[in-house]
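Here the structure is laid out as structure tokens; the discussion comes afterwards.
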Amino acid sequence: MSVEKRAYTMAKIAVGNPEDALDLVQDAMTAFVTRYVDRSEDDWPALFFRILQNGIRDWYRRSRVRNRWRVWFNRSDDQGDDILESIPDDKGVDPVAQLSNEGLNDAIIKALKMLPVRQQQVFLLRIWEGLSVAETATAMVCSQGSVKTHLSRALQALKSRLDEYQL
Amino acid sequence: MNEIDRESALTSSAKKALNNYAESIDSETLSKIGRSRRQALSALHKPKYGFFSWLGLSAGGIAVAGFALFVVLEIPSTAEFEFLKTSEDVYVLASNEDLEFYDHLEFYQWLEDENINFENHS
């Protein structure tokens, strides 16, 4: 499977929006070619995914700012949507329970999407992409210890969310 | 099933699920991804730093113009005669005289060198 397909899948799981995921992959490919093509081929995977991860981080930063403005405008506008609608309902139906009748593959993808983005991306890079701990740390711009911690937490969360499938 | 087996089963199932998910990307998106890849690779064959090369050319042009200005301003002080001669040459060449004038140019030059003034002789 081509690396751009995997990159697109990772971006889509992270941001949830196909158009934004495509933009992130396009930008990462262009930036990689213009910046790092002279580097050793062994470094390419970590460097490419580092650019992609930076893009995902920037996307989250931008959407946080956007959401803050949106909330502010909604507050000041009496005719606006009810802000309570955007607050998650902790006592509502557990999304995992809704997965019980769906296939294992869908359940895994949904469980991955529910993970905090750092845990999610470390899991994808280490387990799916097969990067080493050091390469994942380079891609995520964090320490190797953080990579191990994020991966361990991701595995714990996935195990508990997919418990009903008896993996 | 112990913890390690459980973890191994989970990662194996996750890989399968992710492969299926990636393989289910629609053809339109795939073609967009492919086009982006080609565009990124084509950037390799373009000259690097396009904007900066123009900037470099401009800087080169400014340097040449500066040098020319330096020559024009500095040379007359050390070799004023040559400069004036050159400017006269340019003046003569730029004038719309008949071809006959240019044929007799050497003669006029000789007259000037000999400091012969027709008005004085007449």
**Request:** Hey, could you check region A:128-152 for residues that are touching a residue at least 12 places away in the same chain (Cβ under 8 Å) and within 13 Å of another protein chain (Cβ to nearest Cβ) and say which is nearest to A:N54 (Cα to Cα)?
**Result:** A:E129
**Prompt:** Considering region A:18-44 alone, what residues qualify as being surrounded by fewer than 17 Cβ atoms within 10 Å (Cβ to Cβ) and either modelled with pLDDT under 90 or of a type in the set (V, I, T) (or both)?
**Reply:** A:T34, A:R35, A:Y36, A:V37, A:D38, A:R39, A:S40, A:E41, A:D42, A:D43, A:W44
**Breaking point among (1) without any contact (Cβ under 8 Å) to a residue 60 or more places away in the chain; (2) more than 9 Å from chain B (Cβ to nearest Cβ); (3) surrounded by fewer than 18 Cβ atoms within 10 Å (Cβ to Cβ), for A:V117** = (1)
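To keep it simple, each residue is scored yes or no on (1) more than 11 Å from chain B (Cβ to nearest Cβ); (2) at pLDDT 55 or above; (3) in a helix (DSSP H, G or I).
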| residue | (1), (2), (3) |
| --- | --- |
| A:A14 | yes, yes, yes |
| A:A46 | yes, yes, yes |
| A:V71 | yes, yes, yes |
| A:L84 | yes, no, yes |
| A:D90 | yes, no, no |
| A:I108 | no, yes, yes |
**Asked** Out of (1) more than 24 Å from A:I51 (Cα to Cα); (2) surrounded by 10 or more Cβ atoms within 10 Å (Cβ to Cβ); (3) at pLDDT below 85, the odd one out for B:L10 is which?
**Response** (3)
**Request:** Scan region B:14-40 residue by residue and report those that are at the interface with chain A (Cβ under 7 Å from one of its Cβ atoms) and hydrophobic (A, V, I, L, M, F, W, C).
**Result:** B:A14, B:A17, B:L18, B:A22, B:I25, B:I33, B:A40
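The values are calculated or read from the model by the stated rules, or taken from the named source; none is laboratory data. It should be emphasised that the depicted structure is a prediction, and the values quoted were computed from it without experimental measurement. Using ideal geometry, Cβ is built from the backbone for each residue, glycine included, and neighbour counts are taken over all protein chains shown.
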